[in-house]
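The values are calculated or read from the model by the stated rules, or taken from the named source; none is laboratory data. Values in this document were obtained by computation on a predicted structure and should not be read as measured data. Glycine gets a Cβ as well: all are built from the backbone with ideal geometry, and neighbour counts include every protein chain shown. Please note that ligands, DNA and RNA were not included when accessible areas were found on the heavy atoms of the full protein model with its side chains. Shrake-Rupley method; radii C 1.70, N 1.55, O 1.52, S 1.80 Å.
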Amino acid sequence: MKELDEVIGRARDWRRGWQERTKLQRIDLYTRGTLAGLPWVFLVSWGLLPLLPVVREGPVPAGLAVAFFTVNVVQCVLSNRDLGAAIAHHRGVEPYPRRRLRLPAALLAVLTGLLVALAATGDLKGAGLALLVLNLPLAFAIPYVLLVPVRTYLVQSAIFTAVLVALLAAVGVPGGLLFGAALSMLVVVLLVLASVRPSAWSMSVMWQAEEARDMQARLAVAEERLRFGRDMHDVLGRNLSVIALKSELAVELAQRGNPAAMDQMVEVQRIARASQQEVRDVVRGYREADLPTELMGAQGVLQAAGITVTVEGADGPAGIGAPAAAQAALGWVVRETATNVLRHGDPRHCWIRLTRARGAVVLEVENDGAGAMDPTDGGGPGDGGGSGLAGLRERLGALGGTLSAGPAGDDLFRVTATVPLTPSRPQPDGRPAPSA
């Protein structure tokens, strides 16, 4: 039984986690795809267009241009390969193997040498040299900026810029072009810093929030199990001890032929039946819903999941004057709808309204973020919902009440339950009669 309960729990956790992580995974995939595509976009613009005029200048400049573009392509491939590990390192999931930086660093040195050779032998105009300088460190810097502190990244970028400008000056590049090259390096360094690190930081925050939410859910389940276990221990512990003692006494009396053994066994039987009834009461109290308790529980659970909850009621649950059966049925509505709010969509706010109108109690549960709600799983729009809403309709229908669920506009979803204050009499065919 314990193994079956664990399997069912894992299946439920997997389903809930899959639904909640789908949107986050899309954002993660979009961010990774954007960062991985940046080197290739600038390769065919900043890294290719300035080389086309150089190819027609002779075999040496053409060879240098082809070599520069080829090495740049390899650098982009390595950048994409290292991006995932760099993001994991930035999130603190796993350390980045530093040996993987050796080849990209060597290729960056080769690209720098080829760029200096092109500036010495080819006819690189001012704009062409500036674009090649912009493209030079981009592929290497995208994963590297996630591996070192910002200060280290800026200091090393400044040193690299100084070395590059010195090499260009050594091959006779004019001062105006040297200033343009330094300005281009400043632009690309800041561009990578401003685009890559905030994106990785946003991904880290989102995944940490998801992990915290999952941990909160697991802690809530563990706390509920402990509470139920304590209740069962309190109910059964004393009675089972008494049963054991009286059974031992009955055995000793029976061995001596004492007729009082029969009285002890009758007492054991009485205590056993009383214990059985107490267990039923505990389970019944665990299964039955109480409206005030469910309102407080739903508010606590939703707030723990980061959802703002507003509970509105004229006189509060205790003052609506509804029969106990009606309040129990509404308690089930609160429990089921709170579960659906957690499982579906991407809610940020939930409103719970309890009112009394026209001889009936009306409960409304409304939440935003309903665009991703699944209409087939008890929390979605429409009348066909899953077993959750169907079970609520049966409970309310037995009291002459109704339940409606569906979109309420502006990305809102609303569940409305109505229960008459006067219980209806069932008709001969089993359907509840309308209340007076």
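Just the number please: accessible area per residue for the range 75-188, 1.4 Å probe, all protein chains included, in Å².
Accessible area per residue: 44 Å².
How many percent of the accessible area of the range 109-179 is carbon or sulfur, using a 1.4 Å probe?
74
Place the peptides 143-150, 263-270 in order of packing, highest mean first, counting for every residue the other Cβ atoms within 10 Å and averaging per peptide. Can you show the working numbers first?
Numbers: 143-150: 18.8, 263-270: 14.9.
With the highest mean Cβ count within 10 Å placed first, the list reads 143-150, 263-270.
Only Cα pairs under 8 Å and at least 6 apart count here; give the relative contact order of the range 53-133 as a rounded whole percent.
It rounds to 39 percent for the range 53-133.
In nm, to one decimal, how far is the Val41 label point from the Leu191 one, both placed 7 Å along Cα→Cβ?
It works out to 1.0 nm between the two label points.
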